[in-house]
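Read through the structure below, which is laid out as structure tokens, and then see the notes.
The values are calculated or read from the model by the stated rules, or taken from the named source; none is laboratory data. Bear in mind the structure is a predicted one, so any value in this text is a computation, not a measurement. Please note: Cβ atoms are built from the backbone with ideal geometry, for glycine as well, and neighbour counts cover all protein chains shown. Surface accessibility is based on the protein's heavy atoms, side chains included, excluding ligands, DNA and RNA. Shrake-Rupley method; radii C 1.70, N 1.55, O 1.52, S 1.80 Å.
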Amino acid sequence: MSDEMKPLNPETLSAQALGWLEPTHKSLIPGIFPSTTYEREADGSYPTGRAYTRDHNPNYDQPEQLLCALEGGRDALLFSSGMSAALAVVQSLRPGDHMIAPEVMYWSLRNWMLSVGREWGLEISFVPNGDLGTLQAAVIPGRTKLLWLETPANPTWVVDDIAGWAKVAKKVGAHLAVDNTVATPLLTNPLKLGADIVMHSATKYLNGHSDVLAGALVTAEEDDFWARVKVNRSAGGAIPGPFEAWLLLRGMRTLHLRVERASENAMAIARQFEGAKGVRCVLYPGLKSHPGHDIAARQMTGGFGGMLSLCIEGGEEAAMAVAARLKVIKRATSLGGVESLVEHRASVEGAGTPCPPDLLRLSIGIENAEDLINDINQAMDGRNR
Ligand SMILES: *Cc1c(COP(=O)(O)O)cnc(C)c1O
């Protein structure tokens, strides 16, 4: 037998957080390094390469390298939120550059693009999700520098072909950045499908316990664009505190268990309510009836994620009433935690939303699936009372 070990699988890498030991005490769990500043040598040098915490903090090393390993990237950066990670990418463009994003995507980021992004001189086109033809036609050779993609996309879970988008980007020398928050690195690795940058709201599945706000970027190449992203982070200082980074690493150790269980639960709920009385439609990429199912089945490995939406017959009022009657599933925003959440997205997003008014977005947690199904059933049964 050879001494060479096979490369470790993602479950092992995340459970052991790459197996790192804290060198001073050999502790399995890292310490927390709150120091904002580091001593210079007498000759003026910084022997560990660290000078000031706005550039980098020791508590970022392990989660960043774990993310690189899970996504198959060269370098990663933690941010103070998913939004600050996304904005570091978009703000690395220059005034007059053209970028393309899908019509259905994370609402706050789309709003920023439509308001501040355009005012700062970016030309931004929105294309229908799941339509490579329109994407191709929207590209302006020489001017399109960034394609932004989210798949499955909030809150209808439309699926896009990452490899198809990557081909379009390569042809004109644009970067493709993919918001992989919902799929997680366990179910989809955009860099392996040709994307250049992956973005995560680490607030969601990566941390998984609804107690940290954080974001992350992972890059396939350390190119000039990535250098601009890094300058944006160190200069802007949109970084998590050391304790937040420490909590994030703790959460990432159980990523695979949580995502697997949430995916199983979501699939059970989607199957249970597809075609059920009072349900107009179930939007979940794992269902054969979902328009993006074939692409999702190719692109996602090991499950279809924990996010799904139920459209309720009777419109907005009926949907709100179902949400109001839920007892186990909590009415709250956000997603990717161990506890299940429901949200009426159209009223949250307001005017101009592409979200149907009868849609309830569910973030399915790791509870017992039957308890969740029973809860939705009792909330649906109350409809005619
Ligand atoms: C939450 C979320 C974001 C924004 O992340 P924050 O950590 O809240 O700033 C971006 N994209 C998706 C898909 C999200 O769910």
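For the pair residue 170 and residue 140, how long in nm is the line joining their label points, each one 7 Å along Cα→Cβ?
With each label point 7 Å from Cα toward Cβ, the separation is 2.5 nm.
In the chain, with Lys and Arg counted as +1 and Asp and Glu as -1 at Cβ, which of these residues, 8, 69, 215, has the Cα nearest the positive end of the dipole, that is, farthest along it?
Of 8, 69, 215, it is 215.
Please work out the C-alpha center-to-center distance from region 304-375 to region 1-30 and express it in whole Å.
38
Looking at 318, 300, 278, which one has the Cα that reaches farthest to the positive end of the dipole of region 255-381 (charges on Cβ: Lys, Arg +1; Asp, Glu -1)?
300
Using only Cα atoms, what is the ratio of the radius of gyration of region 211-291 to 2.2 N^0.38 Å?
My calculation over the Cα atoms of region 211-291 gives 1.67.
Any idea what angle helix 162-172 forms with the longest principal axis of the chain, computed on alpha-carbon atoms, 0 to 90 degrees, nearest 10?
Here the helix axis deviates by roughly 50 degrees.
How high is the relative contact order of the chain, in percent, with contacts defined as C-alpha pairs under 8 Å that are six or more residues apart?
Answer for the chain is 16 percent.
Rank-order 257-268, 273-284 by packing density, defined as the average count of other C-beta atoms within 10 Å over each peptide's residues, highest first.
Ranked from most to least packed, the peptides come out as 257-268, 273-284.
Relative to the longest principal axis of the C-alpha atoms of the chain, give the angle of the C-alpha long axis of helix 369-381, reported between 0 and 90° and rounded to the nearest 10°.
Result, in degrees: 40.
My understanding is that a pair violates if its Cα-Cα distance is over 27 Å; which of 6/26; 192/230; 277/327; 26/204 do that in this structure?
Over 27 Å Cα-Cα: 26/204.
For region 332-385, take the alpha-carbon Rg, divide it by the Kirkwood Rh, and send me Rg/Rh.
Radius of gyration relative to Kirkwood radius: 1.03.
Could you state the orientation-averaged shadow area of the convex hull built on the Cα atoms of region 3-79, in nm² to one decimal?
7.4
Taking N as the number of residues in region 180-317, what is its Cα Rg relative to 2.2 N^0.38 Å? Let's see the in-between values first.
On the way: Rg = 17.9 Å, N = 138, 2.2 N^0.38 = 14.3 Å.
In units of the globular-protein estimate, region 180-317 measures up at 1.25.
So what's the net charge close to residue 154: Lys and Arg +1, Asp and Glu -1, counting the other residues with Cβ under 15 Å from its Cβ?
Taking every Cβ under 15 Å from that of residue 154, the sum is -2.
Which cross-chain or sequence-distant (5 or more) residues have an amide H under 5 Å from the amide H of residue 158, H modelled 1.01 Å from N in plane?
Placed amide hydrogens put 153 under 5 Å from residue 158.
Please compute the length gained on full extension between residue 4 and residue 253, using 0.36 nm multiplied by the number of residues separating them and subtracting their Cα-Cα distance.
Values: separation 249, 0.36 × 249 = 89.64 nm, distance 2.50 nm.
Here the answer is 87.1 nm.
At residue 39 and residue 25, where each label point lies 7 Å from the Cα along Cα→Cβ, what is the point-to-point distance in nanometres?
Simple spin-label model gives 2.1 nm for this pair.
Taking the Cα centre of the chain as origin, sum charge times position over the Cβ atoms of Lys and Arg (+1) and Asp and Glu (-1), and report the length of that vector in debye to the nearest 20.
Approximately 480 debye in magnitude.
So what does residue 213 come to for accessible area, using a 1.4 Å probe and Å² rounded to 10?
Looks like 110 Å² after rounding.
With a cut-off of 8 Å between alpha carbons and a minimum separation of six or more residues, what is the relative contact order of region 121-219 in percent?
21
As a check on your grasp of the helix formula, calculate [θ] at 222 nm for the chain: sum -39500 (n - 2.57) over DSSP H runs of n ≥ 4, divide by the residue count, round to the nearest 500.
Rounded to the nearest 500, the figure is -10500 deg cm²/dmol.
In square angstrom, rounded to the nearest 10, how much accessible surface does residue 231 have for a 1.4 Å probe?
Taking all protein chains as shown, residue 231 has close to 90 Å².
I'd like to know which of 126, 151, 141 lies farthest towards the positive end of the charge dipole of region 126-178, counting +1 on Cβ of Lys and Arg and -1 on Cβ of Asp and Glu.
My answer, from the dipole projection, is 141.
Need one value: the accessible area of residue 167 in square angstrom, 1.4 angstrom probe, rounded to the nearest 10.
Its heavy atoms expose roughly 150 Å² to the probe.
Rounded, prolate or oblate: pick one for region 93-179, where a ≥ b ≥ c are the square roots of the eigenvalues of its C-alpha gyration tensor, a/c under 1.5 means rounded, and failing that, prolate if a/b is larger than b/c, else oblate.
Here region 93-179 falls in the oblate category.
Send over the Kirkwood Rh of the chain, from the inverse of the averaged 1/r over different Cα pairs, rounded to one decimal Å. Mind dumping the intermediate values first?
Details: mean 1/r = 0.0459 Å⁻¹.
After inverting the mean inverse Cα-Cα distance, the result is 21.8 Å.
Taking a temperature of 4 °C and a viscosity of 1.567 mPa s, what whole-number D in µm²/s does Stokes-Einstein yield for region 255-381 with Rh from Kirkwood over alpha carbon pairs?
On the way: Rh = 14.6 Å.
Approximately 89 µm²/s, per Stokes-Einstein.
If contacts are Cα pairs under 8 angstrom and at least 6 residues apart, what is the relative contact order of region 255-381 in percent?
With pairs under 8 Å counted, the relative contact order is 28 percent.
Accessible area, 1.4 Å probe, largest first: how do 79, 33 sort?
Order by accessible area, largest first: 33, 79.
Please determine, in degrees from 0 to 90 and to the nearest 10, the orientation of helix 242-252 with respect to the longest principal axis defined by the Cα atoms of the chain, where the helix direction is its Cα long axis.
60
Run the simple label-point estimate for residue 370 and residue 277 please: 7 Å along Cα→C-beta, distance reported in nm.
2.2
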